[in-house]
1. Filter region 125-142 for residues that are surrounded by 15 or more Cβ atoms within 10 Å (Cβ to Cβ) and not in a helix (DSSP H, G or I); which is modelled with the highest pLDDT?
2. Check every one of the strands (runs of 3 or more DSSP E) wholly within region 50-110 and list those with 2 or more residues that are touching a helix residue (DSSP H, G or I) at 6+ places or on another chain (Cβ under 9 Å), at pLDDT 95 or above and surrounded by 15 or more Cβ atoms within 10 Å (Cβ to Cβ).
3. Restricting attention to region 199-218, does a residue exist that is in contact with a helix residue (DSSP H, G or I) (Cβ under 7 Å, 6 or more places away or on another chain), under 21 Å from residue 76 (Cβ atoms) and surrounded by 13 or more Cβ atoms within 10 Å (Cβ to Cβ)?
């Protein structure tokens, strides 16, 4: 059916708005895809790197430190490995945290990579200190103003808004999953409650869509 001359401008405006919306959605998708930890310039900038099929996997062992662009946090229950995934120009790869495990001190069973959400409970900010007001209010709970029979002071918790910001930063730096354009980089978390001084050997194991590989890391 032919449009009347009066309706043609309206139709054209609708088409242009639709095209602009699709373009904006495409741009948003591109921006969302590249979010995360920026990869380093080359695999050689990491402690170790190895080929796995068409990919090059590089990694650094970070111990109990959780480094983000904004701040460095700690966790006593997990150790952290920063991983970079590289390929040919324009290459893509199917990434999954489940593709990685960490063999510590030559143990028969390697520790599987854990979701970043599990790290939140033990996550701490070494730079954060409670204000004097918070400390006084906590130490006064249960006290009677007297001496030795008073209960021990209650623990002082980080304000919820600060903890939420800390968790969001760690989430953004954890390794992205799914079909991704390379290079990509991110943090992986492995359960380990011991001191890093007790680690004699580390082997990062990759078993994914690109094949199998292992990297010897420096404790």
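The values are calculated or read from the model by the stated rules, or taken from the named source; none is laboratory data. The shown structure was predicted, so the numbers you read here are calculated from the model rather than taken from an experiment. So basically every Cβ, Gly included, is an ideal-geometry build from the backbone, and we count neighbours across all protein chains shown.
1. The qualifying residue modelled with the highest pLDDT is 125.
2. Correct list: 55-63, 65-67, 72-75, 78-86.
3. No: region 199-218 contains no residue that is in contact with a helix residue (DSSP H, G or I) (Cβ under 7 Å, 6 or more places away or on another chain), under 21 Å from residue 76 (Cβ atoms) and surrounded by 13 or more Cβ atoms within 10 Å (Cβ to Cβ).
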